[in-house]
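**Student:** Pasting a structure below so you can have a look.
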């Protein structure tokens, strides 16, 4: 009887071994050849990739269908100096015939060009090659990746040259990013053929010329073309995205003309950044329709009055700095916001007594910049209501208060109060800041020990002590 039980146990074990999943020999070979192409792996990212072991159990490997590898995840660790890989991406990964996802991110020290062997992987749906960094021109026949590709992310590499026109052949593409490369030329007309595209990130490249009218047939939710060299006007075809677009960034270009009124029809828009361009004229009255806007940045343009009354439920971040606005006061829709964390209104013609400004909620403020206005009074009542403030700037105003009575919260890193009428002594609590400018005020007394240069304190006639002249 014992012999029969032992026989059944051995038979069961054999059956379990026969039915357990081990990776296909081609997949194991392809992965090990990839590892051999890595010349340096100081943190052991690929340490579990060992011959003779089941590659489906290796770190970063997924097997979903029988014994075939379907996804490869190799991720560096940007927060660790040794969390990278050196070497090349071996074309041996083309042996993984069932691969539908390739995720190589933050490897930081890989060399080579775009891997054209990806063309042979007919199941490929996800390609993430981010901060690898690869270089060279993108191949003109990149459309051979196939219509099955849905997510294509090549951001933070060193690719050069134009976006190939054959990108239009990847008909099923939903999300596409080339952000943070050295791409030149113009935006290809073929983009308009990508009718399933919901995300287009091309920021921080060197694209130029006017933005073409390619958006009429698209259903984009996220569009970022910031940090390029685009010129001309904001294209009219963007108006066709009014029912879908939630995120629009066109900042840091050379766009000109007026802000088109159709942007006020984007009722799903929560982020709009048109900063650092050459836009002129007033902000359209239709902006009052942007009830869901949370983040609005129109700074560093030549926009003019009047600024429309917004009907937002709560603004989180607002920057109207460096335009030709004469707001007079901080708008009520800002004062009443229950969730605002960043407010920047530099040189906006604001004439208020800061002591009397009582925003509905100040607890969440991280950044406040009210510099270069005609603001008087004291910021102490406002700052005493903030627990997480990182930066407060009010340079070039008429602010007057006793600096010694200012409570500096532990999160504060930056305090800029130059060219005001601030009096009293400099408290020792400023020593914990990273940036400080108290120059050209009416401060007096001995300076506490700090790391700041004399330029942080000059123009206060009765301040003394290092780094200024010794006290008498």
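**Student:** Evaluate the following for residue 176: is it closer than 19 Å to residue 99 by Cβ, part of a strand (DSSP E or B) and within 21 Å of the chain's Cα centre (by Cα)?
**Tutor:** no
**Student:** If you don't mind, there's one more thing I want to ask. List the residue pairs whose Cβ atoms are under 6 Å apart, where the first residue sits in the range 262-289 and is more than 27 Å from residue 208 (Cα to Cα), the second is part of a helix (DSSP H, G or I), and the two are 6 or more positions apart or on different chains.
**Tutor:** Here the result reads 286/261; 286/264; 287/264; 289/264, each pair linking the range 262-289 to a residue that is part of a helix (DSSP H, G or I).
**Student:** Right, next: Give all pairs with beta carbons closer than 9 Å in which a residue from the range 222-238 that is surrounded by fewer than 19 Cβ atoms within 10 Å (Cβ to Cβ) meets a residue that is part of a helix (DSSP H, G or I); count only pairs at least 6 apart in sequence or on separate chains.
**Tutor:** What qualifies is 236/262; 237/192.
**Student:** Another question, if that's okay. Just one of 302, 317 is in contact with a strand residue (DSSP E or B) (Cβ under 9 Å, 6 or more places away or on another chain), closer than 19 Å to residue 387 by Cβ, at pLDDT 95 or above and surrounded by fewer than 20 Cβ atoms within 10 Å (Cβ to Cβ); which is it?
**Tutor:** Testing whether each residue is in contact with a strand residue (DSSP E or B) (Cβ under 9 Å, 6 or more places away or on another chain), closer than 19 Å to residue 387 by Cβ, at pLDDT 95 or above and surrounded by fewer than 20 Cβ atoms within 10 Å (Cβ to Cβ) leaves just 317.
**Student:** Please tell me if residue 127 is in contact with a helix residue (DSSP H, G or I) (Cβ under 8 Å, 6 or more places away or on another chain), in contact (Cβ under 8 Å) with a residue 12 or more places away in the chain and either closer than 23 Å to residue 41 by Cβ or outside any loop (DSSP other than H, G, I, E, B) (or both).
**Tutor:** yes
**Student:** Then there's this: If a residue must be touching a helix residue (DSSP H, G or I) at 6+ places or on another chain (Cβ under 8 Å) and either part of a helix (DSSP H, G or I) or surrounded by fewer than 12 Cβ atoms within 10 Å (Cβ to Cβ) (or both), how many such residues does the range 33-45 contain?
**Tutor:** Of the residues in that region, 2 qualify.
**Student:** What number of residues within the range 427-444 satisfy the criterion of being more than 22 Å from residue 389 (Cα to Cα) and buried (at least 16 other Cβ atoms within 10 Å of the Cβ)?
**Tutor:** 4
**Student:** Further question: Could you list, in sequence order, all residues of the range 199-215 that are part of a loop (DSSP other than H, G, I, E, B) and over 18 Å from residue 235 (Cα atoms)?
**Tutor:** 204, 205
**Student:** Which members of the range 59-79 meet the condition of being under 32 Å from the mean Cα position of the chain (by Cα), in a loop (DSSP other than H, G, I, E, B) and either free of Cβ contacts under 8 Å to residues at least 24 places away in the same chain or surrounded by 16 or more Cβ atoms within 10 Å (Cβ to Cβ) (or both)?
**Tutor:** Within the range 59-79, 59, 60, 76, 79 meet the criteria.
**Student:** List, please: which pairs have Cβ atoms under 6 Å, are six or more places apart or on different chains, and start with a residue in the range 85-111 that is touching a residue at least 12 places away in the same chain (Cβ under 8 Å) and end with one that is surrounded by 22 or more Cβ atoms within 10 Å (Cβ to Cβ) and in a helix (DSSP H, G or I)?
**Tutor:** Qualifying pairs under 6 Å: 90/34; 92/30; 92/34; 93/30; 93/34; 95/30; 96/27; 96/30.
The values are calculated or read from the model by the stated rules, or taken from the named source; none is laboratory data. Please read these numbers as outputs of a predicted model, since none were measured by experiment. No Cβ is skipped: glycine too gets one built from the backbone with ideal geometry, and neighbour counts run over all protein chains shown.
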